[in-house]
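My structure is below; once you've seen it, I'll send some questions.
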Amino acid sequence: MSLLQTWYAMSDYEVEERINDSLSFSYFCGLSVEEASPDHSTLSRFRTLLTERRVYDNLFTEINKQLEKKGILVKKGIIVDASIIDTPYKPRTKAGYEIEQDRNESQRTDEELKNENQEVKYLEVHQPSVDTQARWIKKGGRARYGYKKHVLTNQDGLIIGALTTPANVNEICNLEDVLQIAKIPENIPFYGDKGYNSEKNSALLKSRKLINRILKKAKKNRPLKAKEKLFNKLCGKTRFKVERTFGSIRSWFKSEKARYRGIAKTHSQVIMESIGYNLYRSPGIVISNAKKG
């Protein structure tokens with residue numbers, strides 16, 4: 001049910017109704033004609049339980065292991081990129097503030113009473129519907145509120161790892177965290193856009209014995225040389241595949257916004273989309289490999 005919900009962009013209510021109406025959907029879920037679909041609340045509790053116990057990442061790893069054994073997911077090169085996930089649970093107005101209530105004198109210690117310059121604390125107050133774990137970021141001149149998914153793919157665009165952070169996390173600073181989400185072989189090319197270009201990240205890739213294919217970027221009073229432009233052009237022919245992955249997920253699964261509130265459930269959505277994408281692409285890769293063979 002979770003896979004069908006991901007592939008066809010359906011709510012818990014919609015996937016329940018579709019399974020009860022469609023023979024192919026019920027057959028996919030292992031249900032006979034006489035059996036009714038589990039209701040939407042069961043699916044919601046199932047998703048919450050897997051999120052709380054952090055099962056989705058383990059499930060994703062296990063499925064990818066099976067794809068590797070079948071020769072579908074091959075790690076001959078790794079690509080990294082990040083994409084913003086907007087959330088509909090954003091503030092509609094400016095946040096309000098309230099003054100923190102201090103304890104009265106009978107509740108205060110002698111030391112506190114001696115300190116006459118007590119600091120007044122202002123607490124930010126959000127609307128009940130706001131996802132307080134999301135953050136603002138300015139992208140392309142437009143303010144966006146939500147999360148950021150940092151994704152590793154192979155050279156075919158299949159996802160091998162995903163990390164979810166608040167939107168304001170800069171990808172140049174968290175490459176080390178991203179590299180830890182998947183087992184990456186040594187001595188293979190590692191591609192990324194110029195946003196990942198830094199001395200720290202170059203040293204990190206070298207320490208992990210990865211071939212640095214991060215795009216070069218111009219610096220102040222130092223434009224790119226012809227050799228660096230050629231390097232970027234050649235690496236770009238591989239690096240763009242991760243952008244195709246993002247675009248395909250948005251197009252095929254109608255995944256443009258976070259469906260749930262909170263970073264944990266948003267990460268569960270990211271992982272289910274990654275699983276759904278890899279499985280969706282797998283038959284085409286099998287046919288392509290057979291033709292090459």
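The values are calculated or read from the model by the stated rules, or taken from the named source; none is laboratory data. Note that the structure is a prediction, hence the values are computed from the model and not measured. Methodologically, a virtual Cβ is constructed for each residue, glycine included, from the backbone with ideal geometry; neighbour enumeration extends over all protein chains shown.
Which one of these is without any contact (Cβ under 8 Å) to a residue 60 or more places away in the chain, closer than 23 Å to GLN180 by Cβ and of a type outside the set (Asp, Glu): ILE263, ILE211?
ILE211
Go through (1) part of a helix (DSSP H, G or I); (2) over 19 Å from the mean Cα position of the chain (by Cα) one by one and return the number of the condition SER37 breaks.
SER37 satisfies every listed condition except (1).
So which strands (runs of 3 or more DSSP E) stay within segment 68-182 end to end and still have 2 or more residues that are at pLDDT 85 or above and closer than 30 Å to LEU210 by Cβ?
78-86, 135-139, 142-154, 159-166
Can I ask one more? With the structure loaded, tell me whether LEU224 is surrounded by fewer than 18 Cβ atoms within 10 Å (Cβ to Cβ), hydrophobic (A, V, I, L, M, F, W, C) and not in a helix (DSSP H, G or I) or whether it fails that test.
Yes: the conditions hold for LEU224.
Residues LYS200, LYS241, LYS237: which one is part of a helix (DSSP H, G or I), under 30 Å from ASP86 (Cβ atoms) and touching a Gly at 6+ places or on another chain (Cβ under 7 Å)?
Going through LYS200, LYS241, LYS237 in turn, the sole match is LYS241.
Can you list residue pairs whose Cβ atoms sit under 8 Å apart, with the first residue in segment 274-293 being surrounded by 20 or more Cβ atoms within 10 Å (Cβ to Cβ) and the second being β-branched (Val, Ile, Thr) and not in a helix (DSSP H, G or I)? Count only pairs 6 or more apart in sequence or on different chains.
SER274/VAL151; SER274/ILE159; TYR277/ILE159; ASN278/ILE159
Within segment 244-255, which residues are over 12 Å from the mean Cα position of the chain (by Cα) and either without any contact (Cβ under 8 Å) to a residue 12 or more places away in the chain or outside any helix (DSSP H, G or I) (or both)?
GLY247, ARG250, SER251, LYS254
How many residues are crowded, with 18+ Cβ neighbours inside 10 Å, acidic (Asp, Glu) and within 27 Å of ILE181 (Cβ to Cβ) when one looks only at segment 1-56?
0
Go through SER255, SER248, SER202 for me and flag whichever is closer than 30 Å to VAL130 by Cβ and either at pLDDT 95 or above or out of contact with any Phe, Trp or Tyr (no Cβ under 6 Å at 6 or more places or on another chain) (or both).
From the options SER255, SER248, SER202, the qualifying one is SER255.
So which of ARG18, ARG45 is of a type in the set (D, E, K, R), farther than 28 Å from ARG281 by Cβ and either touching a strand residue (DSSP E or B) at 6+ places or on another chain (Cβ under 6 Å) or part of a helix (DSSP H, G or I) (or both)?
Among ARG18, ARG45, only ARG45 is of a type in the set (D, E, K, R), farther than 28 Å from ARG281 by Cβ and either touching a strand residue (DSSP E or B) at 6+ places or on another chain (Cβ under 6 Å) or part of a helix (DSSP H, G or I) (or both).
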